[in-house]
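What follows is a short report on a single structure.
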Amino acid sequence: MLEVFTSPFARSAAKISEPDPADGWRTVTLPVGSIRQACAELLRFGTEADVLAPPELRARFAEVAAALHRRYAQ
């Protein structure tokens, strides 16, 4: 899944947990240059990603999701 990240630095610096036995999800910690960049890159995963931190990135995701909903829910 990390191969979609264009930055070799991000891929090489990623910390990936073992799958959670309850649901199979993994926690991935990635370095990012900015909230905007991280949001743009992580949006590729759609609902297959859950942004846990930092709070600013999680809030930006919520803003983008709300904007997409307003645009396409009509």
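For a paramagnetic label modelled at 7 Å from the Cα of Arg44 toward its Cβ, which residues of the range 15-33 fall within the zone defined by backbone nitrogen distances under 19 Å? Residues 15-17, 26-33 qualify, since their backbone N sits under 19 Å from the label point. The three principal axes of the C-alpha atoms in the chain carry coordinate ranges of 39, 32, 22 Å, sorted with the longest axis first.
Sequence-ordered 3J(HN,Hα) estimates for the range 53-61 from the Karplus curve with 6.51, -1.76 and 1.60 and θ = phi - 60° stand at 6, x, x, 5, 6, 4, 5, 5, 4 Hz, glycine and proline given as x.
Only the coordinates and a few stated rules stand behind these numbers; no lab work does. Computed from a prediction, not measured in an experiment: that's the story for all the values here. Neighbour counts are summed over all protein chains in view; Cβ atoms, including those assigned to glycine, are modelled from backbone coordinates with ideal geometry.
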